[in-house]
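Read-outs: derived from the displayed coordinates by stated rules, not from any lab. All figures in this text were calculated on a predicted structure; none of them were measured in a lab. Glycine gets a Cβ as well: all are built from the backbone with ideal geometry, and neighbour counts include every protein chain shown.
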Amino acid sequence: MPESDPVSTFKGSPLMRQVRQTMRVMHVAKRTEEAYISWIARYLIFHRDRRGGWTHPTLLGSDGINEFLTYLAVERRVAASTQNQALSALLFLYSKTLKSEIQIDAIRAKRPSKLPVVLSPSEVAKILSYVQPKPKHLMCSLMYGGGLRVMEACRLRVKDIEFDRKQIIVREGKGEKDRAVPLPQRLITPLKHQIELISKLHQQDLLVGAGWVWMPYALAIKWPNAGRELGWQYLFPASNLSYDSHPRESQEGIPDQHVVDGDRTQLRRHHVNENSVQAAVKAAVLRAGIHKKITCHTFRHSFATHLLESGKDIRTIQTLLGHADVSTTMIYTHVSRLGASGVESPLDRL
């Protein structure tokens with residue numbers, strides 16, 4: 001199977017446009033959309049190479065899916081999560097887009113049981129001390145202090161910080177769910193300073209005819225001027241202005257269903273790119289000399305584990321993390337020193 005980008009082969013095809021349109025109507029996340037489109041393209045390329053020509057997915061049916069998934073598990077030896085993502089993409093293609101019934105009877109990749117990487121409080125403090133520049137340091141502090149995912153931190157808006165209630169509102173988290181997380185007391189002053197900087201930057205943007213920000217769903221229609229209000233501005237904005245601050249709008253010629261006519265002419269400032277935050281964390285880890293596989297998500301794992309060790313109940317932690325199932329949260333009992341699996345080694349009793 002070709003290793004080049006398979007999406008380009010099908011770019012603009014009627015089938016892919018149909019799949020994308022279905023995803024837009026269902027408010028599927030952009031990253032999920034791109035992943036699904038890529039897997040559908042790989043699926044079609046796989047059968048093209050095996051059959052010597054293009055075949056419409058309705059003619060491939062269940063046998064085609066099972067053959068592809070078995071190939072991924074047996075020949076490519078992909079991880080279980082990778083195979084599951086491919087399966088989810090094909091299920092969406094057949095059930096949601098083509099309205100076809102299928103049966104899955106493929107060899108499944110074995111899912112390994114892995115524990116999340118968790119830092120000690122001293123390790124967290126050491127890494128944070130090396131994170132630069134200051135906005136990135138503040139973002140990482142929020143990820144650890146509130147259990148935020150990296151994209152949740154990137155997408156925070158000024159209005160989401162509630163100083164009086166000492167909480168942060170995380171909008172449209174995973175599964176498009178909102179939740180409230182604690183606002184760390186020690187971050188109140190840095191956050192107020194950051195908002196002051198955003199206010200000055202916003203005033204500068206307004207002077208040059210910019211100041212717009214992308215608005216979710218139909219809010220750009222309901223409140224046409226809200227996109228220039230300070231409260232809607234991103235807390236951690238990009239360094240440059242852009243005429244296409246929301247990349248989904250012009251992609252494949254399919255606009256976001258709530259884009260207002262002429263909206264692409266708005267000069268906007270989008271949020272900071274998450275890759276720059278990951279790079280800042282990677283550089284800080286290297287400087288700190290901590291030899292663990294650490295990413296931005298490690299701060300979230302550490303947040304949950306440290307809450308558990310401080311005596312917070314698992315249900316509270318589940319709510320703060322935004323997990324739909326408590327079994328997902330239970331993984332932290334296996335890495336906690338004081339959780340369900342926390343035992344004293346007999347060697348320490350000698």
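So here's what we get for this one:
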| read-out | value |
| --- | --- |
| Summed side-chain charge close to Ile290 - residues other than Ile290 whose Cβ falls under 13 Å, Lys, Arg +1, Asp, Glu -1 | +4 |
| 222 nm mean residue ellipticity, helices alone, for the chain (DSSP H n ≥ 4; -39,500 (n - 2.57); rounded to 500) | -14000 deg cm²/dmol |
| Three semi-axes of the equivalent ellipsoid, the range 7-97, Cα gyration tensor, whole Å, largest first | 20, 16, 11 |
| Nearby lysines by direct alpha-carbon distance to Lys292 (threshold 19 angstrom, same-chain neighbours under 8 apart not counted) | Lys114, Lys126, Lys282 |
| For Arg157, residues with placed amide H under 5 Å, excluding near neighbours | Leu235 |
| Footprinting exposure proxy for Trp223, Trp54, Trp212, Trp232 (fewest neighbouring C-beta atoms within 10 Å first) | Trp54, Trp223, Trp232, Trp212 |
| Residue exposure sequence - Lys114, Lys222 - by fewest surrounding Cβ within 10 Å | Lys114, Lys222 |
| For His202, net neighbour charge (Lys/Arg +1, Asp/Glu -1) across residues whose Cβ lies under 11 Å away | 0 |
